[in-house]
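Beneath this line is the structure, given in structure tokens, with notes to follow.
The values are calculated or read from the model by the stated rules, or taken from the named source; none is laboratory data. It should be emphasised that the depicted structure is a prediction, and the values quoted were computed from it without experimental measurement. Here the Cβ positions follow ideal geometry from the backbone for every residue, glycine too, while neighbour counts run over all protein chains shown. Accessible surface is based on the protein model in full, side chains and every heavy atom, while ligands, DNA and RNA are left aside. Shrake-Rupley method; radii C 1.70, N 1.55, O 1.52, S 1.80 Å.
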Amino acid sequence: MEKTLSIVKPDGVRKGLVGEVIKRFEANGLKIAALRMILLGKEEAKAFYIVHKERPFYESLTDFMSSGPIVTMVVEGENAISKVRDIMGATNPKDAATGTIRADLASDIEHNIVHGSDSKESASYEIAFFFPAIEIY
Ligand code: UDP
Ligand code: MG
């Protein structure tokens, strides 16, 4: 059993896609182990995406991620990290496979509905960023 951190981003919440994202995870055998809606401040968004601090999209991305409420969740299951990434699809919806969340629902490379940890290391960092152990089932 593996745990990963996923987020329905501000565009996903605005478009009413919280249930749709969770439904796709659950339909693929994954379970929700923690769940919370929050509004990130700009500095918190920058801390969450600190690995991207040198990238040209860092300012714009962290403005976007602090532009409205997000739904953070811990998702659990066998190979949960890669499974969530597969269900999400490629970062750019133009490159994402048909049937993935981003291909079906995202508008562009920045506003791509959903986040998922990309490795065991980032999953540990990202889960601890949002959830104390006592809130994870
Ligand atoms: N992003 C962007 N422009 C880019 C690449 C990424 O705005 O050229 C945004 C996008 O919202 C993406 C996030 O930055 O989801 C993090 O980028 P990463 O490369 O980690 O993609 P992900 O792991 O989310 O697929
Ligand atoms: Mg990433």
Problem - Cα lying deepest toward the dipole's positive end in region 20-137, options I113, M65, I101, charges on Cβ - result: I101
Practice task
Enumerate the calculated ³J(HN,Hα) couplings along region 67-72 in order (Karplus 6.51 cos²θ - 1.76 cosθ + 1.60, θ = phi - 60°), each rounded to whole Hz, writing x wherever the residue is Gly or Pro.
Solution key: 8, x, x, 10, 10, 9
Fill in the blank from the handout: With V8 itself left out, Lys, Arg at +1 and Asp, Glu at -1 over residues whose Cβ is under 12 Å from its Cβ give +4
Practice task
Please list, in chain and number order, the residues 5+ apart from V114 or on another chain whose amide H is under 5 Å from its amide H, with Hs placed from the backbone.
Solution key: K9
Fill in the blank from the handout: For D104, the net charge from surrounding residues (Cβ-Cβ under 11 Å; K, R +1; D, E -1) works out to +1
Practice task
Would you tell me the accessible area of S67, worked out with a 1.4 angstrom probe on the heavy atoms of the protein chains, in Å² to the nearest 10?
Solution key: 60 Å²
Fill in the blank from the handout: Mean accessible area per residue over region 7-119 (1.4 angstrom probe, all protein chains present, square angstrom) is 48 Å²
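Which peptide among 47-54, 105-112, 74-81 comes first, and what is the full order, when sorted by highest mean count of other Cβ atoms within 10 Å?
Values: 47-54: 13.1, 105-112: 17.6, 74-81: 19.9.
Ranking, from highest mean packing down: 74-81, 105-112, 47-54.
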Problem - For region 72-96 and region 4-63, distance of Cα centres in Å - result: 12 Å
